[in-house]
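One structure is given below, encoded as structure tokens.
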């Protein structure tokens, strides 16, 4: 998108909204993702990866937890599609993940209910196991060991 990181700006604004507004708006945006063209999807993912580290962590944590919870309510195909888009981008450019508070992200994941963690872990493992060895290696190199342990890699 010429003229700025519109998706990133939306993400930053979503992070500061109260739950009752953030949840339905974020879910709508996540479902809309699947109607985008491949280049638009890639742009949204890159914008999100760029915007995420710029959001104050208390706001980011609320947004990320909402995102994870919504993912558990989507179909496996949709969940896999969203996670795959992020994992593919990070495997191509691992440095994009380094700016994130990965230990904080793991802590957010660990606050989910057991069933939610299981749903998300299974999808993530499936995607990572299906990556070619080079992408898998590049992705796994930026994932902290404690996260790998919780995902049982």
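Rule-based calculations on the coordinates, nothing more; no lab input. All of these numbers come straight from a predicted model, not from anything done at the bench. Cβ: placed from backbone, ideal geometry, glycine included. Neighbour counts: every protein chain shown.
Only residues that are part of a helix (DSSP H, G or I), over 12 Å from the mean Cα position of the chain (by Cα) and surrounded by fewer than 19 Cβ atoms within 10 Å (Cβ to Cβ): list them for segment 62-94, please.
Hits for segment 62-94 are 72, 73, 76, 77, 78, 92.
Filtering 53, 39, 58 for residues that are under 22 Å from residue 19 (Cα atoms) and without any contact (Cβ under 8 Å) to a residue 24 or more places away in the chain leaves a single hit, 58.
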